[in-house]
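The values are calculated or read from the model by the stated rules, or taken from the named source; none is laboratory data. Because the structure is a prediction, the values reported are computed rather than measured. Here the Cβ positions follow ideal geometry from the backbone for every residue, glycine too, while neighbour counts run over all protein chains shown. The area values use the complete protein model at the heavy-atom level, side chains included, leaving out ligands, DNA and RNA. Shrake-Rupley method; radii C 1.70, N 1.55, O 1.52, S 1.80 Å.
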Amino acid sequence: MSQVPRSGLAAVSSALLAMSRHLEVRDVLKTIVASARELLDAQYAALGVPDDHGGFAQFVVDGVTDAQWKAIGPLPRQHGILAAMLREAKAERLADVRTDPRFEGWPSAHPDMSDFLGLPVRDGDEVIGALFLANKNCSKPQGGCGFSAEDEELLSILAQHAAIALTNARLYERSRELTIAEERSRLAHELHDAVSQKLFSLRLTAQAAAALVDRDPARAKGELQQVAALAAEATEELRAAVVELRPAALDEDGLVATLRTQVQVLDRAHTARVTFAASGFRALPAAQEEALLRVAQEALHNALRHSGAEHVDVTVNRRGGGAVLRVTDDGSGFDPHLTRSAGRHLGLVSMRDRASGVGGTLTVESAPGKGTTIEMEVPGG
């Protein structure tokens with residue numbers, strides 16, 4: 001690294017910081033590849049994460065247009081130089097990859113590559129990826145590789161940090177999957193408890209009505225009206241729970257459309273008036289949008305199930321390069337500082353964890369009889 005100028009060290013620092021900002025595996029892979037290509041001034045860069053079936057679970061490229069990538073066709077298999085890097089776990093620096101005996105060709109739409117630098121990305125003894133660059137933007141020495149030994153050393157350092165970033169991203173995604181599973185389990189228990197209670201009351205009321213039909217028709221009519229009311233409540237419970245259990249369409253529709261749809265259904269399912277508005281919102285990284293959605297769902301759950309609110313308003317607005325979510329209700333309210341147990345009961349701890357997990361903040365404004373406002377702000381990506 002003694003050969004790397006100060007500007008090069010600054011570029012390395014920027015690349016490492018960029019990798020650490022992302023939590024989604026795909027985002028981390030893209031950042032690694034783009035950083036490597038820019039740092040070593042190459043025309044092409046790619047990173048493949050192998051699967052267990054001779055192919056790649058993920059393969060990210062930089063320097064190739066979307067049209068070119070589509071024309072190239074299916075993802076490569078683990079063969080040739082890629083297989084060598086994965087199997088032998090050592091760096092490969094070649095003057096011309098096309099003349100290497102292990103080279104097995106590429107599709108007709110594939111860009112032409114000559115000098116090549118690649119190495120495995122390792123997590124301990126496990127090879128979790130293959131990172132490579134091609135076509136160094138420099139004058140090539142006669143019969144030699146454009147990539148230098150210093151380039152190889154620099155890419156090796158980048159790959160070590162890439163392994164950490166990729167491992168952290170994988171752990172985050174697994175943690176998120178467990179969190180979603182826990183949420184679904186919680187909702188399933190809630191659905192079972194709430195609807196079971198309604199159905200139990202419904203059955204008792206129907207039995208009472210049947211017993212009264214002959215001797216007291218007027219009372220029987222009243223009991224039957226109660227049956228209809230209980231049935232309607234059970235239907236509302238089912239609708240609300242199904243909406244929450246249904247996977248959010250964030251990838252397809254984005255945060256604003258997903259929240260708007262959920263609010264519209266909750267407005268129909270509950271007696272409270274639930275509204276939604278958004279202004280100036282720009283798409284954020286997936287982890288931030290999911291955190292905003294989950295906090296909104298938790299706050300809506302509290303307002304509709306516990307506060308007795310007549311009105312619940314949800315807004316999402318742009319703030320600087322990020323966004324702010326606000327859920328306000330006119331319900332019974334509570335004292336946020338009174339007891340820690342109240343915070344746990346209302347999910348405030350998990351909401352704060354979600355906010356801090358994506359670099360955001362959560363504030364709670366409430367007082368007995370004054371309603372509640374939950375506000376979450378996240379920075380730009």
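Some values worked out for this structure:
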item: For G380, distant residues with modelled amide H under 5 Å away; result: G321, G322
item: Distant-in-sequence amide H partners of V312 (H built 1.01 Å from N, under 5 Å); result: R273, V274, T275
item: Local electrostatic count, A42, Cβ distance below 12 Å [Lys/Arg +1, Asp/Glu -1]; result: -3
item: Under-5 Å amide H pairs with Q58, H placed in peptide plane, nonlocal only; result: V49
item: Nearest-10 value in Å² for the accessible area of F103, using the 1.4 Å probe; result: 60 Å²
item: Karplus 3J(HN,Hα) series, Hz, for segment 300-312 with 6.51 cos²θ - 1.76 cosθ + 1.60 (x for Gly, Pro); result: 5, 4, 4, 5, 7, 9, 10, 8, x, 5, 9, 9, 10
item: Surrounding net charge for V64, when Lys and Arg each add one and Asp and Glu each subtract one, Cβ distance under 13 Å; result: 0
item: Debye, to nearest 20: dipole size of segment 251-381, +1 on Lys, Arg Cβ, -1 on Asp, Glu Cβ; result: 160 debye
item: Total formal charge among the other residues, if their Cβ is under 15 angstrom from that of K221, Lys/Arg +1 and Asp/Glu -1; result: -1
